[in-house]
Structures are given as C-alpha cells and as structure tokens.
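First comes the structure, then the notes that go with it.
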Amino acid sequence: MSAPQLSTPPVPRARAAHLGPERRRPLILDVAFRLFLERGYKGTSMDAIAQAADVTKPVIYACFASKAELFGALLDREEQRVFAQFGAALATSAGLEDREAMLTAGFTAMLRAVSETPETYRVALRGGNDANALIDARIRRGREQFVAQLTEAARGWLAGRTPARRLDGSAQFVGHTLAGIGDAGLRMMLASPDRWTPETLGHALGRFTTAGFTTFSE
C-alpha cells in the first residue's frame, strides 16, 4: 500500500510593506493613473486598482474615500504639474524685454506639460457623471490660476502705456484673452498631434498674441 501523498501547503502571499496613507497615496495614484489610461474612468474599479497595487481594497479606501475622490486627486496632480511648468516659464522670462519670447516660453511650457500625458485629458472627456463634475471644477479653478498669472504679467506690460484708472481692467482683459488663446492651442495640439508640436505651436501663439497685444496697447 503506497504512502498517502502529502499536499504542499500554499505559499503565503507576501504582505505589502506597511505604509501609512500619506506615503501610500502617491503609489496608488501611479497605479490608478495607468488603469484610467487603459480602461477609462467608467472601466476602472476600486477592486481593479487594489489588485494592481497589490493591496486590499480597505487600504485603498483608507487613502481615498471613493473613486471620484481618487480621480480628483489625479486631476489635482496633473493640474499642479501643468501650472508649475507654465508659472516657471513666466517667472524665468519675466525680465525679458522681448514680449514675444516671454509669451512663446509660457505657451510652449503649457503645451509641453499637456503633451507629456495627453491621454489624461482624453480620459477626462470619457469620464462618468462624477468625473465630469470634478473635471468642471478643476477647469474652473485651473483657469482662474492661469488667468491670474497672465493678468499679473499683462499688468507689467501695460504699466506706463495705459492710464492708471484703466490698468486693472485692461490687464484682466489681456489675461482672459491670452488664456482663451491657450485653450484653443491645447485643443489644436490634441486634435492634430502630427501637425503641431509644443515648440512650433508655442512659437506661433507667441507671435500671434504679441502682434495683437501691440495693436491693443497702442
């Protein structure tokens, strides 16, 4: 009579390193970012994110209360990256006497930041109701930051050319106009990536807006 076969006990699953929510949040965002790009907002579940991150779902919920909150954190991160690059470009070129060079640098930085992860914005457009509400809020907040930066720059350009009583209003007008041109540039680049690069489109926008600003301030 043969000896009974002993089953090999299963190898216990290695436990993920113990990290607090603050240290784990960026790791989860990185994993979720990849899944959102692959599957879209609707096709990505918290279960899938937990599995891809090799953690349990309660760990995910300890960091983010809902998928909408997690997606909002991703939008925050991308928004801050774009505006940090744009703000740095404006700050670097703020002392330039050549206004066209300053505007070109700013538009190019913004376009380059978006071009690095264009699918982020396409995922946003495919989002569900929760995602759309978050996107709308981020667009409004991001646009306010963008316009504020441009308005401050325009105030410096207009000083001495515009009566003091009209300076604030004129600077706001220029800021909003430049932001609208930037929005149009983003749409053009995403729609025709083979035709436009951040550098070529940034240069075109800088030249175009400089000509318009010169006419406006005369």
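Observations on the structure shown:
Rundown of residues vs (1) within 15 Å of V147 (Cβ to Cβ); (2) aliphatic (A, V, I, L, M); (3) in contact with a helix residue (DSSP H, G or I) (Cβ under 7 Å, 6 or more places away or on another chain), yes/no style:
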site	(1), (2), (3)
R166	no, no, no
G169	yes, no, no
T177	yes, no, no
G180	yes, no, no
S192	no, no, no
P198	no, no, yes
L205	no, yes, yes
F208	no, no, no
F213	no, no, yes
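- Some residue of the stretch 51-58 being basic (K, R), at pLDDT 90 or above and either closer than 26 Å to Q145 by Cβ or not assigned by TED's automatic domain parsing to the domain that holds A113 (or both): yes
- Looking only at residues in the stretch 177-218 that are surrounded by 15 or more Cβ atoms within 10 Å (Cβ to Cβ), among the β-branched types (V, I, T) and under 19 Å from D98 (Cα atoms), the one that is modelled with the lowest pLDDT is T210.
- Hey, R25 outside the structural domain of L75 (by TED's automatic domain parsing), on the phi < 0 side of the Ramachandran plot and at pLDDT 90 or above or not: yes
- Residue satisfying condition, being over 21 Å from the mean Cα position of the chain (by Cα), among the small types (G, A, S) and at pLDDT below 75, within set A89, A48, A17, A62: A17
The values are calculated or read from the model by the stated rules, or taken from the named source; none is laboratory data. What you are looking at is a predicted structure, and each value in this text was computed from that prediction instead of being measured. Backbone-built Cβ (ideal geometry, glycine too); neighbour counts: all protein chains shown.
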